[in-house]
Amino acid sequence: MRGAEEEETKGPSIEPAQPLKTFYALIKLEKDTLSQEQTLLIGSKLDAETAQKQCRLCFYGQVLALFPSNQSAEERKATLERL
């Protein structure tokens, strides 16, 4: 009987069916924002009414690269290729 009690306290082992996938996104914000690379960014756009056909969005992720507004298109492309 003791063995059954030990099994109950451990609980079932849960293994992911598939490995987690990594996604990348290039996000342009409405306003200038202070941030630095390798930090966590959390954002949302929830001001739309739920009855309207607009997107309500929440996201989070690690900042891999920053693109200053005065950076040229060639510099941005080189940064993206580096990633």
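Read-outs throughout are calculated quantities, based only on the coordinates presented, and are distinct from any laboratory measurement. Remember, it's a predicted structure, so these values are computed and weren't measured experimentally. As a convention, Cβ positions derive from the backbone with ideal geometry for all residues, glycine included, and neighbour counts pool all protein chains shown.
When the C-alpha atoms of the range 22-82 are aligned to their principal axes, what extent does each axis show, in angstrom, from largest down?
42, 22, 22
Nearest 20 debye, what's the magnitude of the dipole of the range 22-82 about its Cα centre given +1 on Lys and Arg Cβ and -1 on Asp and Glu Cβ?
180
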